Structures are given as C-alpha cells and as structure tokens.
Amino acid sequence: MREEKRFIIAFDKIKDKRFDPYSNQPAFDWIDEALTKSKHKVKLLKDIVEYLDYGLMPTQDYAIDSSAGLPMIRVTNITPEGDIDMTDTKYIKFDTPRLKEKLVKENDILLVQCGNTTGKVGIITKEYEGYTFGSFMFCIRAKKDIVDPYYLYLVLGSQLVQQQIWQNINISTVRPNTCKPVTEGLKIPIPPLPVQQEIVKEVKCLREKAKKLKEEAKETLATAQEKVERIILGESVN
C-alpha cells in the first residue's frame, strides 16, 4: 500500500500569499529562514529598481538586416552563464509600435519570464546598448544609488532568488511562467554599496580566471586534435 504524504502549515504563514500546496511545501522553508538570518537589509525588488517591464512582442515579420531593423535580444541569446550571444541575430523593423520604449541600456538586466528557462538572467554590456529586447523576459534597471547593477544581476541569479521565482511559478499554463507583480516582490538582501562593489570585484575576477582557463583548455584540445590528425596522416610529430 502506498504511503500517504501530507504536510501542515499555519494560516499566519500563508496570509497574503498563495494557498496552493506547491508553493507552501517544506522544500521552500529555507528561503524565509535565510532572509530572516541575513545581517543585511532585505528590500523588495520594486523598491531598488527604476525600470522593470516586459519585452517587445513582434507584430510583423523580422527585418532582413540592420539596415531595415534593430537587433533584438531574445531568450535564446542569453547563455546559461549569463552572457549575451548575438551569433543568431533577428532584426525588428523600425516601424514596429513601441520599439523606442523597449531599448536596453548598459548594465540593464534581462530576466527570462516564461518557458523552461524562467529565471535565467543576463546583463547588458556596452556593445549591446540600444538593442531592443524580446517578449518572454523582463528588463530590469537598478537604482544605482541603492544597488550596484552587477551585484543585483548576481543576486537575481542566485539560488536564494531563483527559488523565490520557482516557489511562485505559474504552472497552470502550457509553459511555466512568472509575472510582473511576483518579480517586483522578490526579496533582495542589500549590503552597503562598498560591500556590494567588493563582491562584484571578486566575482568578476573569478569569472575572468575561469574564462581564461576555458580558453586555454580549448587551445590544448585544438593542439591535441591537430597532433592526432598528423599521426593519422603519418606525419612526424615533435
């Protein structure tokens, strides 16, 4: 006989929150516990950003190239590492309604809002400033006097925030998705700016080292492949 599983939660813990079993399962209890124990102030995302909005929904076919349209950053252009990869670029025609309202700036953060990669984040570098951003994602612009944009990007990609997103995910539709009110209500620990900047400096340094090692690994693999090919062809290898 299959063992029946159940859990009980007090009403005061779900007041003003979702009532469904999924979002109130014990697996999410650690989130509030961690936020309560944090030595830093915790603020709602809506209170530390100056802009948070949905992306542009194309209303017509893509333009042929940059002479006829503006490059669009889509969900698929955000790599799992949070970089922007425009190898596959689509262009939105210049006469598309609301196009000028949906342009990214340097240090803006993109957060996927719909689909299996909901919660994935990317940050805009200088080279992509002025591009438009597509539907199924939010563009988030930090209030720089409160939060360092790169720090916010790191926190949004952390398990602390990712689990908040998935705790409140809408799974009643074909694709999982989150919405603007839920995103605005994400709880973000905010240390003093100097502390944020120190964290950013350390993480950027670690990422640069990881990138360098990755490039070195690619070069090593390429050299090994070339050596194997020369051996196969009967050439001498020194």
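The values are calculated or read from the model by the stated rules, or taken from the named source; none is laboratory data. From a predicted model like this one, the values you see are computed outputs, not experimental measurements. Note that each Cβ is placed from the backbone with ideal geometry, even for glycine, and that neighbours are counted across all protein chains shown.
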Review point. Tell me, which residue of the stretch 136-177 that is of a type in the set (Ser, Thr, Tyr) and modelled with pLDDT under 95 is nearest to Val49 (Cα to Cα)?
Key: Ser158
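Kindly check whether there is at least one residue in the stretch 65-72 that is among the acidic types (Asp, Glu), surrounded by fewer than 18 Cβ atoms within 10 Å (Cβ to Cβ) and more than 28 Å from Val203 (Cβ to Cβ).
If we filter the stretch 65-72 for residues that are among the acidic types (Asp, Glu), which is where we start, we get 65.
Remaining after also requiring surrounded by fewer than 18 Cβ atoms within 10 Å (Cβ to Cβ): 65.
When the remaining residues are screened for being more than 28 Å from Val203 (Cβ to Cβ), the result is 65.
Taking every residue of the stretch 65-72 in turn, at least one turns out to be among the acidic types (Asp, Glu), surrounded by fewer than 18 Cβ atoms within 10 Å (Cβ to Cβ) and more than 28 Å from Val203 (Cβ to Cβ).
Consider Glu101 carefully, then state whether it is in contact with a helix residue (DSSP H, G or I) (Cβ under 6 Å, 6 or more places away or on another chain) and farther than 18 Å from Thr178 by Cα. Break it down into steps so the answer makes sense when it comes.
Details: in contact with a helix residue (DSSP H, G or I) (Cβ under 6 Å, 6 or more places away or on another chain): no; farther than 18 Å from Thr178 by Cα: yes.
In short, no.
With the requirement that a residue be of a type in the set (Asp, Glu) and in contact (Cβ under 8 Å) with a residue 12 or more places away in the chain, what does the stretch 114-144 give you?
Restricting attention to the stretch 114-144, the residues satisfying the condition of being of a type in the set (Asp, Glu) are 127, 129.
Within the stretch 114-144, Glu129 is the sole residue that qualifies.
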Check your understanding: more than 30 Å from Val195 (Cβ to Cβ) and at pLDDT below 95: does that describe Met1?
Key -> yes
Point to revise | Meets criteria (part of a loop (DSSP other than H, G, I, E, B), over 30 Å from Pro189 (Cβ atoms), more than 11 Å from the chain's Cα centre (by Cα) and in contact (Cβ under 8 Å) with a residue 12 or more places away in the chain) for Met86 | key: yes
Practice item. Give the stretch 48-59 a look and list any residue that's in contact (Cβ under 8 Å) with a residue 60 or more places away in the chain and either outside the structural domain of Ile73 (by TED's automatic domain parsing) or out of contact with any Gly (no Cβ under 7 Å at 6 or more places or on another chain) (or both), or say none. Key: Ile48, Val49, Glu50, Tyr51, Leu52, Asp53, Tyr54, Met57, Pro58
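Kindly state which strands (runs of 3 or more DSSP E) lie completely within the stretch 99-196 and contain at least 1 residues that are surrounded by fewer than 20 Cβ atoms within 10 Å (Cβ to Cβ) and touching a strand residue (DSSP E or B) at 6+ places or on another chain (Cβ under 8 Å). Before the answer, list the steps.
Numbers: elements: 109-112, 121-123, 137-142, 187-190.
Answer list for the stretch 99-196: 137-142, 187-190.
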Check your understanding: Ser66 passes all but one of (1) part of a loop (DSSP other than H, G, I, E, B); (2) modelled with pLDDT of 90 or more; (3) under 18 Å from Thr183 (Cβ atoms); which number fails?
Key -> (3)
Check your understanding: Residue check: is Tyr54 modelled with pLDDT of 95 or more and of a type in the set (Phe, Trp, Tyr)?
Key -> yes
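Using the structure shown, decide if Asp95 is of a type outside the set (Val, Ile, Thr) and part of a strand (DSSP E or B). Talk me through it step by step, then tell me what you get.
Working: of a type outside the set (Val, Ile, Thr): yes; part of a strand (DSSP E or B): no.
When the stated conditions are applied, Asp95 does not pass them.
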